[in-house]
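The block underneath contains the structure these notes are about, expressed in structure tokens.
FYI, it's all coordinate maths here, none of it is from the lab. No experiment lies behind these values; they were computed from the predicted model shown. Methodologically, a virtual Cβ is constructed for each residue, glycine included, from the backbone with ideal geometry; neighbour enumeration extends over all protein chains shown.
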Amino acid sequence: MQTVSGSELSHSTARAVRGSVFFLTDDPGIEPDPLDYYEFYDDGILVLGDDGHILDAGDYNQIVAKYRLSVSEITDFRGRFILPGFIDTHIHYPQAEIIAAYGEQLVHWLEKYAYPAESRYADIVYARTVSRFFLSELLRNGVTTALIFGSAHKASIDALFTEADKLNLRIIAGKVMMDRNAPDNLLDTPETAKADNEALIAAWHKKNRIQYAITPRFAITSSTEQLSIAGQLYHAHDDLYLQTHVAENLNEISLAKKLYPTAKSYLHVYANFGLVGPRSIFAHGIHLTEDEFDLLAEKKAALSFCPTSNLFLGSGLFNFNKVHQKNILLGLGSDVGAGTSFSMFQTMNEAYKVVQLHQTINQQSGNKALLTPFKAFYLATLGAARALYLDNKLGSFLPGKEGDFIVLNPEATPILKFRMLNTQSLAERLFVLMMLADDRSIESVYIMGRRWHEGNI
Ligand code: GUN
Ligand code: ZN
């Protein structure tokens, strides 16, 4: 790798930013225009405290008067949208280099592409270089918080957290636990995984804005002893997360059944070790049964819907309708490198299409739950914050929330500009953004009120 993007934050905290301020205040469900669930100020302003938290958001004229703001204190983004930063609830940082790898489905894709790539992260210098690139790529796409898989190496997580901490990012990540059914150089043991996790938790969990996630890759690559240790760790510390994969692919599910023949279901494999609960996030869940959906709802655990990955690996179509009916906590995930884009817009775009297709294929279900633009933006902001139990800090512009926000140019490309001329409502403009926008629409990114700058190192 020759040059890799690095980045830094500007020194001073913004006092206020002016533009079209938009954020969700609650789950809009599937109502096409859910007035009571969002705030929108066409000529709006966001005011920040010295510590980078949100002080207020609202109509420009009212707020300027209330805070006696002078023009020099306001950064003018008129013509742009100002939104809470996006949250990606499932992504693998050591897979950025294999995004768009041709021709395989899950199990072979792991063997052919993911495991060889991840084996390079024993090297902390390499891991740091890629961490910098990866975090820049998240930020370029307006993703200010993510729940991240590392590799099996402790070094990979030390490197990622070191770089994230420099940027004061709120991220959650963990070392992958795998003690079987993977290449030898990626295997840990229940004991080494325990020691590595404990060291990482002691060094990083709740340090500044960083949090730790216990990360058994999936049931296929962890023994009962290892899942048991994962359960002990998950319960041993406050506010720890648990992230893993479930019911993504039919071959994977039959393998899980063979390896855990007495478990009632795939999700019950995890539940039997105490791994299903608040702050546990399960990626995919495409082929879950009714009982498994009920278990997620009952335990207040979350799913991550990763449409670009599910389409790319031919895994199947996520049952958004069911998740909506059962009121299961939900966020969107890019799942890079099986996912094909870091962009939350592109993730929303494919999520919409997956929901459409699922409906076509399951005509008999009767319930028509489309992914509305309000719901899509909810899932990428406040909904994800709720799935991660971080909605007291992130996801909206209510006073006291952390000042991570993005400035979107709704006319960043010729087709966006042309199409926007032909929109009548906020719902339409949001929908056009979710279908057509990408990183080119992310004009500025602020972390705790400080503007992020991309650079070269
Ligand atoms: N299941 C287990 N590991 C992985 C992974 O790295 N990517 C995806 N998409 N599914 C998985
Ligand atoms: Zn994944």
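Over the chain, the Kirkwood radius and the radius of gyration, each from Cα atoms, give a ratio Rg/Rh of 0.96. Note on the range 183-279: dipole from Cβ charges, positive end direction compared against Ile201, Gly274, Ala219; the farthest Cα belongs to Gly274. Taking the fewest neighbouring Cβ atoms within 10 Å as the starting point, the ordered list for Thr221, Thr347 is Thr221, Thr347. Taking a sphere under 13 Å around the Cβ of Leu106 and counting the other residues whose Cβ falls inside, with K and R at +1 and D and E at -1, yields a net charge of -3. For the range 365-457, the dipole from Cβ point charges (+1 on Lys and Arg, -1 on Asp and Glu) about the Cα centre works out to 240 debye, to the nearest 20. Taking a straight Cα-Cα cut-off under 13 Å and skipping sequence neighbours fewer than 8 places away in the same chain, the aspartates and glutamates within cross-link reach of Lys206 are Asp165, Asp238, Asp239. Spin-label model, Asn327 to Thr25: label points 7 Å out along the Cα-to-beta-carbon direction sit 2.0 nm apart.
Within the straight-line cut-off of under 28 Å between alpha carbons, the lysines reachable from Lys258 are Lys112, Lys175, Lys194, Lys299, Lys300, Lys322, sequence neighbours fewer than 8 places apart in one chain being disregarded. Only Cα pairs under 8 Å and 6+ residues apart enter the sum, and on that basis the relative contact order of the chain stands at 22 percent.
Think of each Lys and Arg Cβ as +1 and each Asp and Glu Cβ as -1; about the Cα centre, that makes the dipole of the range 168-255 roughly 420 debye.
Spin-label model, Glu198/Thr413: points 7 Å from Cα along the beta carbon direction are separated by 5.1 nm. Each peptide among 445-453, 241-249 gets the average number of other Cβ atoms lying within 10 Å of its residues, and from highest to lowest they stand as 241-249, 445-453.
For the chain, a crude dipole built from +1 on the beta carbon of Lys and Arg and -1 on the beta carbon of Asp and Glu, taken about the Cα centre, is about 160 debye to the nearest 20. At an R0 of 51 angstrom, the distance between the Cβ atoms of Thr289 and Asp42 translates into a FRET efficiency of 0.65. When only Cα pairs under 8 Å and 6 or more residues apart are kept, what is the percent relative contact order across the range 341-408? It rounds to 19 percent for the range 341-408. Neighbour counting of Cβ atoms within 10 Å sorts the residues Glu31, Glu97, fewest neighbours leading, into Glu31, Glu97. Taking label points 7 Å from Cα along the Cα-to-Cβ direction, Asn362 and Lys166 give a separation of 4.5 nm. The trypsin sites (Lys or Arg not before Pro) found in the range 354-421 that occupy coil by DSSP, while having at most 14 further C-beta atoms within 10 Å, are Lys368.
Taken one residue at a time, the phi angles of the range 337-342 give Karplus couplings (6.51, -1.76, 1.60, θ = phi - 60°) of x, 6, x, 9, 7, 7 Hz. Gly and Pro are set to x. The 3J(HN,Hα) values that the Karplus relation (6.51, -1.76, 1.60; θ = phi - 60°) gives for the range 357-362 are, in residue order, 5, 4, 5, 4, 6, 10 Hz. Gly and Pro appear as x. Each of Pro261, Leu55, Phe134 was placed along the dipole of the chain (beta-carbon charges, centred on the mean Cα), and the one lying farthest toward the positive end is Leu55. Farthest toward the positive end of the dipole of the range 81-168, out of Ala146, Gly103, Ser119, is the Cα of Ala146, where the dipole comes from beta carbon charges about the Cα centre. Other residues whose C-beta falls under 12 angstrom from the C-beta of Glu97 contribute a net charge of -1, scoring Lys and Arg +1 and Asp and Glu -1.
Peptide packing: for 326-337, 62-73, 119-130, 429-440, the average count of neighbouring Cβ atoms within 10 Å per residue gives the ranking 326-337, 429-440, 119-130, 62-73, highest mean first. When each of Tyr41, Tyr389 is scored by the number of other beta-carbon atoms lying within 10 Å, the sequence from fewest to most is Tyr389, Tyr41.
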